[in-house]
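Undergrad: Below you will find the structure I want to go over with you.
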Amino acid sequence: MCGIVGYIGSREVTPLLLSGLKKLEYRGYDSAGIAVIENKRVSIVKTAGKLLNLERKLEEYSPTGHVGIGHTRWATHGRPSNVNSHPHNGCSNDFAVVHNGIIENYLELKEWLVDKKGHDFASETDTEVIAHLVEEFYDGDLVQAVRETLKMVQGSYAVGIISLKEPDILIAARKDSPLVIGLGKGENFIASDIPAILNHTRDVYMVEDGEVVLLTKEKVVILDQDNKEVNRDVYHVDWDIEAAEKGGYEYFMLKEICEQPEAFKKTLSGRIQQGKVKLDELNFTREQIKQWEKVFIVACGTAYHSGLIGKPLIEEYLGIPVEVDIASEFRYRNPLVNNKTLAVFISQSGETADTLAALREAKRKGATTLAITNVVGSSISRVADYTFYLWAGPEIAVASTKAYTTMLIAQYLLCVYMAQVKGVMPEEKGREILTALQELPEKAKKILDQKELYLDIAKSIKEARSLFFIGRGYDYNIAQEGALKLKEISYIHAEAYAAGELKHGTLALITEKSPVIAVATQKSTYEKTLSNIKEVTARDAFVIGVAEEGDQEILKWVNKAIYIPKIENTVSPVLAVIPLQLLAYYTAVVRGCNVDQPRNLAKSVTVE
Ligand code: M6R
C-alpha cells in the first residue's frame, strides 16, 4: 500500500522524509521518491525498487530545503518504474504531488488536459493528472487550485502537494484514504500512517473526508468542503511503533481480514458504471468472447479455491464450460487448450512458479491468457495477454484473506462483464449481482464489528484433532477455503466435504463431539444441507452452523450458529467466508501459534 510523508519546518527535510518512509516500509511498496523545495526549483528524486535504491540516488544528489513530500508507491495504474514513481509534477516542474488511492476518471481527465489544454504527460499513472490539474488551475492561490482539482477527480485520495509558487506552505487533502497531520513546535508533518511521524510527534489531527489542510511551519488550518476553518481535537498517540505498523492489530492476518471492506471498495472502484461492468484493461469484443469454447481457471492454494467459485458462475451466466485446475497438475495432464480457449490464471503474488509455468504452457498452446493478480508488474501480469488487478493492497500474512475475497469479486465482475458484452445476461440479473457487490463493504463490516464472538467459538474447538467442514455448491467451495485456512495457521487437521458425500464414506469418522462446521447459506441447497446437518447431529457431533441472518430453523440442529447478513445468493460466498477466516485466526491465536508466519510455509512460492 502506498505511503505518504511530508514536512514543513526548519530542519533539513531530506533525511526526515527518508526516515519517515522507512517507517512505512511494512506496508509494502515497489518504488519511492521525494520532492523538496530548494532555492529556485522543486527537486524530485525517485526510483523503482526499495528505499536502498533511493538512498543510493540521493548519494549522487541530495536536495536541501525545509519543505518536502515523500512517497512509497505500491503500483496500481502503471507498472513499477522510475517514471511512474511519485512525486509527480506538471509540465512546468513548479508543482509536486504525492497521492495514495485511485483516481477513477483519470483517463478522461488526461484526455482533456492533453487535447484541450496542451499538457504533456510523462507517466502511466492516474496520479499525474492531479499535478497537471493543479498547474492548470493555479492562479496565485494554491489552496484554491487544489480545491478546483479535487472537484474534478472521482475516486479516492490522500494527497500531499508543494509548489515553488508558494514555497512556505504544504497542502494536504483526503477522501477515502487515510491521512494524519503531525503537530510539532515550529514544524508540522503530514503522513498516511502514524508510524511515519511518531519519532517527531505524538500529537496529531485526523483529517476527515473532503477536508483540505494548509500547513505552514507555525500553523495548521483544516478547511471543510465549504472552505470554512474546522476545529479539530488533538489526538495523542499512546501506542508504540510496532503496534502502529499493524494498525494496532496483533497480527497482519487480522489486520488484513479487517481491511476487507476497504479492499472490496478498491477492487470495485470505477468498475461498475450505470448498471454495467466497465473493464478498460480487458476491452474484450463480442466476437472474441463468442469464439471461446472453453475456459480454464488455473491457480494454487487459496487462489485455486477462488477459481472453484468462478467455474459455476461462468458456466451459468456465459454458458461456456469451465475447468478449474491446480497449477501444479495442469501442465502434466496435457489439457485440451487451444486458440478457442480463455485461460485465467489467479495469483495474489503473481509470482507463484507453478501458476507461471502453467500460464506459459497455455500461451504456447494458443489460448488467450488473462491474469488476475494483486501485484502490479508481477511476472504473471507481464506474461499474460490481459491483466485484471485486484487493487486489494499488499497482503503480508502468509494466510491469504483479502486476496481471496477480492479474487471472488474479480470473477463476479469478469463474469458479468463478459456476459454483458456477449449480450447473454438478463439485465435484471446483472443489476442484482452488481448491486449486491456494492453492498459487500458495508455488510462485511457488520460481520467484522462482531469479530470477538469468534474467540469464544475458537475456544470450543481448540483441542480438536480433526475438523470437518461441510456445504453444498458455493457453500462447499468456501468450506474448502475455510478448512485450508484453519489447518495452515492452527495446525489442526481439517477437511472439507461436499455435504452430500458424507454418507458415502466420511460419516464413519463422525463420533460424539466431532467438530463439524456446516455452511448453509445457499437457498437452492439449503434443505438438502440441513438433512446432512441432521445426519451429523444424530451422531452427536459438535456442529457450528453458518447461515443467513433470520434463519431460526438451523438453531434446532446445531450447537452454535454464526449468522451473515442477507445478500443476493450468488455473491454471498464473499461474506460467508469471513467467519471462517476469523474462526481460523482466533483458533490459531488461542493455540499460541505464530499466525502470520506458520511453520514450513512462505508467502510467495517461487519453486515448482
Ligand atoms: O500468490 P498466490 O495467490 O499465487 O499463492 C497461491 C498459494 O500459495 C496461496 O494462496 C497459499 O495457499 C496461501 N498460504 C493460502 O492462505
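The values are calculated or read from the model by the stated rules, or taken from the named source; none is laboratory data. For clarity, every value in this text was computed on a predicted model and none was experimentally measured. Positions of Cβ are generated from backbone atoms using ideal geometry, with glycine treated the same way; all protein chains shown enter the neighbour counts.
Undergrad: Being modelled with pLDDT of 90 or more and not basic (K, R) is the filter here; which residues of the stretch 199-209 pass it?
TA: N199, H200, T201, D203, V204, Y205, V207
Undergrad: Hand me the list of strands (runs of 3 or more DSSP E) wholly inside the stretch 81-198 holding 1 or more residues that are among the polar types (S, T, N, Q) and closer than 21 Å to E211 by Cα. If you could, list the steps in order and put the result at the bottom.
TA: Numbers: elements: 95-100, 157-163, 170-175, 180-183, 188-191.
Where strands (runs of 3 or more DSSP E) fall fully within the stretch 81-198 and carry at least 1 residues being among the polar types (S, T, N, Q) and closer than 21 Å to E211 by Cα, they are 95-100, 157-163, 188-191.
Undergrad: Now for a separate question. Among (1) more than 10 Å from the ligand (Cβ to nearest atom); (2) of a type in the set (A, V, I, L, M, F, W, C); (3) within 18 Å of the chain's Cα centre (by Cα), there is one condition A362 misses while meeting the rest; what is its number?
TA: Exception for A362: condition (3).
Undergrad: When only residues in the stretch 279-298 that are surrounded by 15 or more Cβ atoms within 10 Å (Cβ to Cβ) and closer than 21 Å to L437 by Cβ count, which is farthest from the ligand (Cβ to nearest atom)?
TA: Among them, the one singled out is I289.
Undergrad: Quick one: what pairs do we get from the stretch 524-535, first residue assigned to a helix (DSSP H, G or I), second basic (K, R), C-beta under 9 Å, 6+ apart or different chains?
TA: S524/R472; T525/R472; Y526/R472; K528/R472; T529/R472; N532/R472; N532/K503; E535/K503
Undergrad: Which residues, counting only those in the stretch 564-601, are aliphatic (A, V, I, L, M), under 30 Å from G430 (Cα atoms) and in a helix (DSSP H, G or I)?
TA: Those that are aliphatic (A, V, I, L, M), under 30 Å from G430 (Cα atoms) and in a helix (DSSP H, G or I): V574, L575, A576, V577, I578, L580.
Undergrad: Checking the conditions here, which among L530, L507 is buried (at least 18 other Cβ atoms within 10 Å of the Cβ) and more than 18 Å from H305 (Cβ to Cβ)?
TA: One residue alone meets the criteria, L530.
Undergrad: Something else about it: Output the number of residues of the stretch 530-551 satisfying the condition of being touching a helix residue (DSSP H, G or I) at 6+ places or on another chain (Cβ under 8 Å), polar (S, T, N, Q) and over 18 Å from A494 (Cβ atoms).
TA: Matching residues across the stretch 530-551 total 0.
Undergrad: Kindly indicate whether E187 is out of contact with any strand residue (DSSP E or B) (no Cβ under 6 Å at 6 or more places or on another chain) and buried (at least 16 other Cβ atoms within 10 Å of the Cβ).
TA: Spelling it out, E187 is indeed out of contact with any strand residue (DSSP E or B) (no Cβ under 6 Å at 6 or more places or on another chain) and buried (at least 16 other Cβ atoms within 10 Å of the Cβ).
Undergrad: Provide a single number: the residues in the stretch 565-607 that are in contact with a Leu (Cβ under 9 Å, 6 or more places away or on another chain) and within 14 Å of the ligand (Cβ to nearest atom).
TA: The qualifying residues number 7.
Undergrad: Please count how many residues of the stretch 61-79 are in a loop (DSSP other than H, G, I, E, B) and within 17 Å of the chain's Cα centre (by Cα). Lay out the reasoning, then the answer.
TA: Our first condition is that a residue be in a loop (DSSP other than H, G, I, E, B); within the stretch 61-79, this holds for 61-66, 74-79.
Pick out the ones that are also within 17 Å of the chain's Cα centre (by Cα) and you get 74-79.
Selection size over the stretch 61-79: 6.
Undergrad: Could you grab me the full set of residues in the stretch 291-338 that are assigned to a helix (DSSP H, G or I) and charged (D, E, K, R)?
TA: Those that are assigned to a helix (DSSP H, G or I) and charged (D, E, K, R): K311, E315, E316, E329, R331, R333.
Undergrad: Can you find even one residue in the stretch 250-260 that is touching a residue at least 40 places away in the same chain (Cβ under 8 Å) and farther than 30 Å from Y454 by Cα?
TA: no
Undergrad: Name, by its number, the condition in (1) within 16 Å of the ligand (Cβ to nearest atom); (2) out of contact with any Gly (no Cβ under 8 Å at 6 or more places or on another chain); (3) not basic (K, R) that does not hold for H504.
TA: (1)
Undergrad: While we're on this one: Filter the stretch 323-356 down to residues that are hydrophobic (A, V, I, L, M, F, W, C), surrounded by 20 or more Cβ atoms within 10 Å (Cβ to Cβ) and more than 10 Å from the ligand (Cβ to nearest atom), then give me how many there are.
TA: Final tally of qualifying residues: 6.
Undergrad: Can you pull out the residues in the stretch 103-150 that are aliphatic (A, V, I, L, M), in contact (Cβ under 8 Å) with a residue 12 or more places away in the chain and more than 24 Å from V221 (Cα to Cα)?
TA: Once the filter is applied, which keeps residues that are aliphatic (A, V, I, L, M), in contact (Cβ under 8 Å) with a residue 12 or more places away in the chain and more than 24 Å from V221 (Cα to Cα), the stretch 103-150 yields I103, L107, L109, L113, A122, V129.
Undergrad: Something else now. Filter the stretch 368-380 down to the residues that are away from the ligand (no atom under 12 Å from the Cβ) and under 24 Å from G49 (Cα atoms), then identify the one that is modelled with the lowest pLDDT. Step through it out loud before you land on a result.
TA: To start, the set of residues in the stretch 368-380 that are away from the ligand (no atom under 12 Å from the Cβ) comprises 368-370, 376-377.
When the remaining residues are screened for being under 24 Å from G49 (Cα atoms), the result is 376-377.
Numbers: V376: 83, G377: 77.
So the residue we want is G377.
Undergrad: Taking the residues in the stretch 1-51 that are more than 26 Å from V220 (Cβ to Cβ), in contact with a helix residue (DSSP H, G or I) (Cβ under 9 Å, 6 or more places away or on another chain) and in a loop (DSSP other than H, G, I, E, B) as candidates, determine which candidate is modelled with the lowest pLDDT.
TA: Y29
Undergrad: Out of the residues in the stretch 342-369 that are assigned to a helix (DSSP H, G or I) and touching a residue at least 60 places away in the same chain (Cβ under 8 Å), state the one that is nearest to R286 (Cα to Cα).
TA: Just the residues of the stretch 342-369 that are assigned to a helix (DSSP H, G or I), to begin with: 353-364.
Applying the additional criterion that residues be touching a residue at least 60 places away in the same chain (Cβ under 8 Å) yields 353-354, 357-359, 362.
Numbers: A353: 33, D354: 31, A357: 29, A358: 27, L359: 24, A362: 22 Å.
This residue is A362.
Undergrad: Give the residue, chosen from K459, K503, that is of a type in the set (K, R) and at pLDDT 95 or above. Show your work before the answer.
TA: Details: K503 fails: at pLDDT 95 or above.
Just one listed residue meets the conditions, K459.
Undergrad: With the condition kept exactly as written, say whether any residue in the stretch 307-317 is more than 15 Å from A410 (Cα to Cα), within 16 Å of the ligand (Cβ to nearest atom), among the small types (G, A, S) and in contact with a Leu (Cβ under 8 Å, 6 or more places away or on another chain).
TA: No, there is no match, as no residue in the stretch 307-317 is more than 15 Å from A410 (Cα to Cα), within 16 Å of the ligand (Cβ to nearest atom), among the small types (G, A, S) and in contact with a Leu (Cβ under 8 Å, 6 or more places away or on another chain).
Undergrad: Let me ask another. Within the stretch 381-423, track down each residue that is away from the ligand (no atom under 12 Å from the Cβ), among the aromatic types (F, W, Y) and within 23 Å of G101 (Cα to Cα).
TA: Y386, F388, Y389, W391, Y412
Undergrad: Something else: Just checking, does the stretch 487-499 include any residue being among the basic types (K, R), closer than 26 Å to Y586 by Cα and either within 29 Å of the chain's Cα centre (by Cα) or part of a helix (DSSP H, G or I) (or both)?
TA: yes
Undergrad: Which condition number in (1) surrounded by 15 or more Cβ atoms within 10 Å (Cβ to Cβ); (2) part of a helix (DSSP H, G or I); (3) over 18 Å from the mean Cα position of the chain (by Cα) is the one that L437 fails?
TA: (3)
Undergrad: For the stretch 484-493, enumerate the residues that are surrounded by fewer than 24 Cβ atoms within 10 Å (Cβ to Cβ), at negative phi and touching a residue at least 12 places away in the same chain (Cβ under 8 Å).
TA: Answer for the stretch 484-493, where residues must be surrounded by fewer than 24 Cβ atoms within 10 Å (Cβ to Cβ), at negative phi and touching a residue at least 12 places away in the same chain (Cβ under 8 Å): L484, E488, I492, H493.
Undergrad: When the residues of the stretch 177-213 are narrowed to those that are among the β-branched types (V, I, T) and touching a residue at least 60 places away in the same chain (Cβ under 8 Å), which ends up farthest from L17 (Cα to Cα)?
TA: Looking at residues that are among the β-branched types (V, I, T) and touching a residue at least 60 places away in the same chain (Cβ under 8 Å), I get V212.
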